[in-house]
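Below you'll find the structure, written out as structure tokens, and then a few comments.
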Amino acid sequence: MPTITESYEDLETTRGPMRVHLFTPTTQGPFPAVIFYSEIFQATGPIRRMAAAIAGEGYLVAVPEVYHEFEEPGTVLAYDQAGSDRGNELKYKKELASYDEDVDVTVQYLKSAPNSTGKIASFGVCLGGHLSLRAGHHEGIDAVVAFYPTDVHSATLGAGKSDDTLSSISKASPPMLFVFGRQDPHIPEEGRDLTRRRLQDVDADFEWHEFNAAHAFLRDEGPRYNPALARTCLMLMYRFLEEKIR
């Protein structure tokens, strides 16, 4: 597996610059790209380590700072109550149009990057799982991976808490891979069932995996981390990405 380099680009949006952290294999490209959407805490240590691991599999990985119009570039929220409160506040303060513009700006950057093949998948965890799913509405996204995506079944993302992420999924949506923990209080069984029924009703191309795990079991920090399950689920994703964008 290749070693990687880390860098960043500040991409212009109508709401100011958006810092995008880049994790790039050192081997000869070009590479398919993965837009990796973080939790509400932005580009934390666990997110960066996961991004590096994905890049090590031969992908150009871009991690946008979700709250760029509210926080200074490079801001990372702590895994504590204050950080959680701030992240959840901004999740509902940010406009849906801003989330969508961020996708477009990142896709356009990756499409034009000389070390990119132009094939792009979205991937995310928690809030990022929802953002990854929403990114799938963009014509430039070829595959979607969503780990325990929050607020999808309740349609409460963004300012006004009224999003169309789930209702906009159709048969024409890109292939999707979902991973959930059954003991996740943020996405109860009835919420998962609602999401799955929508996917089935529109005959979407999707995979669905549920495990006995808590929320954020992929995060390699804190008591909910499940190393063996995280490894299994990342292998599911690598196989999926290999099939869809390699």
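The values are calculated or read from the model by the stated rules, or taken from the named source; none is laboratory data. Everything numeric in this text was worked out from a predicted model, so none of it was measured. Counting neighbours? That spans all protein chains shown, and the Cβs are built from the backbone with ideal geometry, glycine included.
How many residues, within region 126-159, are surrounded by fewer than 18 Cβ atoms within 10 Å (Cβ to Cβ), in contact (Cβ under 8 Å) with a residue 40 or more places away in the chain and out of contact with any Phe, Trp or Tyr (no Cβ under 7 Å at 6 or more places or on another chain)?
1
Anything in region 172-231 that is of a type in the set (G, A, S) and free of Cβ contacts under 8 Å to residues at least 60 places away in the same chain? List them, or say none.
A172, S173, G181, G191, A204, A213, A214, A228, A230
Can you find a residue that is over 23 Å from D220 (Cβ atoms) and either surrounded by 14 or more Cβ atoms within 10 Å (Cβ to Cβ) or touching a Gly at 6+ places or on another chain (Cβ under 6 Å) (or both) anywhere in region 39-61?
no
Run Y8 past the list (1) touching a residue at least 24 places away in the same chain (Cβ under 8 Å); (2) closer than 30 Å to R239 by Cα and report the number of the one that doesn't hold.
(1)
Do we have L90 as in contact with a Gly (Cβ under 6 Å, 6 or more places away or on another chain) and at pLDDT 95 or above here?
The answer is no for L90.
Taking A216, is it of a type in the set (G, A, S) and within 17 Å of the chain's Cα centre (by Cα)?
Yes, satisfied.
So for region 57-73 (the condition being more than 21 Å from Q42 (Cβ to Cβ) and among the small types (G, A, S)), does at least one residue qualify?
Checked against the condition, which is being more than 21 Å from Q42 (Cβ to Cβ) and among the small types (G, A, S), region 57-73 yields at least one hit.
Here's the yes/no breakdown for (1) among the aliphatic types (A, V, I, L, M); (2) under 28 Å from A82 (Cβ atoms):
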residue: I4; (1), (2): yes, no
residue: T13; (1), (2): no, yes
residue: T26; (1), (2): no, no
residue: S38; (1), (2): no, yes
residue: T44; (1), (2): no, yes
